[in-house]
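Read the structure below first, then the notes.
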Amino acid sequence: MAQVIPDKVMTNMALINELVDVAKDAALLHGVLMRIKETPNSSELVTYAPFTLFPTPVPKAVFLQALAVQTHYNTLVDKISQDPDFLQEALASTVAVDDFTARLFRIHQQILKEGRSQSVVLGLNRSDYMLDQKQDGSSSLKQIEINTFAASFGGLSSSTPDVHRHILRVAGRLEESQCILDNNPAAGLARAVAKAWELYGSEKAVVMFLVEENQRNIFDQRYIESELWKRNIRTKRHRFDDVCKTGLLDQDKRLFVGGEEVAVVYFRNGYMPQNYTSEQNWDARLMMERSRAVKCPDISTHLAGTKKVQQVLARPGVLEKFFPNQPEAVELIRATFAGLYTLDMGPEGDRTVAMALAAPDRFVLKPQREGGGNNIYGSEICQVLEGVKEGSERTAYILMDKINPAPSQNYLLRRDAPLKISNCLSELGAFGAYVRQGNDMVMNECVGHLLRTKSSEHSDGGVAAGVAVLDNPLLV
Ligand code: ADP
Ligand code: MG
Ligand code: MG
């Protein structure tokens, strides 16, 4: 079990308690903040965003590999978004049975029919990985998924390094403290948004954050807003209902919300069916997609991030089609793929069902959903598959090899949770940012990283789902 901190420190509860107090104050001091669940739309009472007491060891080679492959993932997502035939074929079986994907797909088709009204594309994504433990003790980087919509924690993870550095200093671990990497995704994400805003070309137009009903994680977004304001770019936060009530397109398809022209719509809401509480919300989404505003993401980039697309990409020959003259890009991307299996109707899908039923603990069954807590594991895989295996409903899912990272021990600090040592698993994310204007990629970068850690008792769920907490890699 890899660990930064020796056992005698981990079990010295007097010291741990002291460090926990120091840690919580450091989080507040450095702005690793969240609103509390009781009052998610007020900043009168805020708390620290959940985080680990100590950073988690991550092998340097795999960490660098995740950063190095990111610009290729950016390119891949962007190419998929420009390939309607690919999206149509990849998503056909899913769209037939999954209402949410079908609705998104219909918007996509309508935009294709009308023609896109904006040639500037802004992509902010996060590719997430776990480190699969191999027999020989080494680990290999395996992608869990890529989030092309509302990938969060680029803001807060810009401040967590200072918190862990401080904790380690107080714990007397000066050497480790100096090894915590700088990280500033917020600055890079904002740089891309600013570029898109500039290319839109209207000084008075705003960057609109399309935000949730309940905004507990507002500070994560404020980091990016703040970077934009520093450039004298104005930002506005609006909900779907604000867009329904005050949104309109002028004759040139310029988007106005609350009387202000919108240069960029940055979606931080709209990735789950529950986010659309009325038909009007869907109308608002369509209006924004049709508009000249730069959308982050646009509807086709949203679809490019589905788990079904991830599964299709793993089929032989598909990456080669997107990178015809770049075998090295194909190789770098494919090296991060775990086994992914179709559940489409036919002999291949039948084989997937049989394989999953024979050894459910080796797999994860995934529907086309985001936000954590939707996947199916273990014996429940059998229950679900037994119910749908004969019919086309099974095509709402994909099957994936379960990744088994090496556990490490840590304390997960969360408001109102009792302090206890936990056996933990971590997930590493790399933030990608790109801007394209017509055929020109004007920016394509990896802008930072994220480490999230959860107790191994939980097989699923992110920070927002109340399972994972923020962490930092300590390269070993
Ligand atoms: P979401 O879009 O809901 O975040 P993910 O694919 O990231 O969906 O899955 C949610 C969580 O489930 C991940 O953060 C991870 O903890 C766990 N998980 C997903 N896929 C795998 C896998 N192949 N092996 C092990 N754990 C997985
Ligand atoms: Mg996701
Ligand atoms: Mg995820």
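The values are calculated or read from the model by the stated rules, or taken from the named source; none is laboratory data. As the structure is a computational prediction, the values presented were derived from the model and not from experiment. Glycine also receives a Cβ, built like all others from the backbone with ideal geometry; neighbour counts cover every protein chain displayed.
Considering only the stretch 402-427, state which residues are among the polar types (S, T, N, Q), away from ligand 3 (no atom under 16 Å from the Cβ) and surrounded by 17 or more Cβ atoms within 10 Å (Cβ to Cβ).
Answer for the stretch 402-427, where residues must be among the polar types (S, T, N, Q), away from ligand 3 (no atom under 16 Å from the Cβ) and surrounded by 17 or more Cβ atoms within 10 Å (Cβ to Cβ): SER408, GLN409, ASN410, SER422.
Determine which member of the set GLY137, GLY123, GLY172 is part of a strand (DSSP E or B) and away from ligand 1 (no atom under 16 Å from the Cβ).
On the way: GLY137 fails: part of a strand (DSSP E or B); GLY172 fails: part of a strand (DSSP E or B).
Selected residue: GLY123, the only one of GLY137, GLY123, GLY172 that is part of a strand (DSSP E or B) and away from ligand 1 (no atom under 16 Å from the Cβ).
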Could you list all residues from the stretch 445-470 that are away from ligand 1 (no atom under 13 Å from the Cβ) and buried (at least 20 other Cβ atoms within 10 Å of the Cβ)? CYS446, VAL447, GLY448, HIS449, LEU470
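Please go through the stretch 138-162 and give me each residue that is over 14 Å from LEU428 (Cα atoms) and in contact with a strand residue (DSSP E or B) (Cβ under 7 Å, 6 or more places away or on another chain), ordered by number. Outline the logic, then answer.
Taking the stretch 138-162 and keeping what is over 14 Å from LEU428 (Cα atoms), we get 138, 148-150, 155-156, 158-162.
Residues satisfying the conditions are THR148, PHE149, ALA150, LEU156, THR160.
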Of everything in the stretch 51-71, what is out of contact with any Cys (no Cβ under 8 Å at 6 or more places or on another chain) and either without any contact (Cβ under 8 Å) to a residue 40 or more places away in the chain or surrounded by 23 or more Cβ atoms within 10 Å (Cβ to Cβ) (or both)? Give them in sequence order. PHE51, LEU53, PHE54, PRO55, VAL58, ALA61, LEU64, ALA66, VAL69
Matching residues in the stretch 121-137 - criterion: being under 24 Å from GLY339 (Cα atoms), touching a strand residue (DSSP E or B) at 6+ places or on another chain (Cβ under 9 Å) and more than 16 Å from ligand 2 (Cβ to nearest atom): LEU131, ASP132, GLN133, LYS134
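Among the listed residues SER81, SER127, SER139, identify the single one that is within 22 Å of ALA61 (Cα to Cα), crowded, with 24+ Cβ neighbours inside 10 Å, polar (S, T, N, Q) and in contact (Cβ under 8 Å) with a residue 60 or more places away in the chain.
Working: SER81 fails: within 22 Å of ALA61 (Cα to Cα); SER139 fails: crowded, with 24+ Cβ neighbours inside 10 Å.
Exactly one of SER81, SER127, SER139 is within 22 Å of ALA61 (Cα to Cα), crowded, with 24+ Cβ neighbours inside 10 Å, polar (S, T, N, Q) and in contact (Cβ under 8 Å) with a residue 60 or more places away in the chain, namely SER127.
Could you check the stretch 353-472 for strands (runs of 3 or more DSSP E) lying wholly inside it with 1 or more residues that are more than 16 Å from ligand 2 (Cβ to nearest atom), in contact (Cβ under 8 Å) with a residue 40 or more places away in the chain and among the small types (Gly, Ala, Ser)?
Working: elements: 363-367, 397-401, 408-413, 421-437, 440-455, 469-471.
Per the criteria, 408-413, 421-437, 440-455.
Can you give me the ranges of the strands (runs of 3 or more DSSP E) entirely in the stretch 1-68 with at least 2 residues that are at pLDDT below 95 and in contact with a strand residue (DSSP E or B) (Cβ under 9 Å, 6 or more places away or on another chain)? First the steps, then the outcome.
Numbers: elements: 33-35, 46-48, 56-58.
Qualifying strands (runs of 3 or more DSSP E): none found.
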Go through the stretch 353-396 and count every residue that is in contact with a strand residue (DSSP E or B) (Cβ under 6 Å, 6 or more places away or on another chain) and away from ligand 3 (no atom under 16 Å from the Cβ). 5
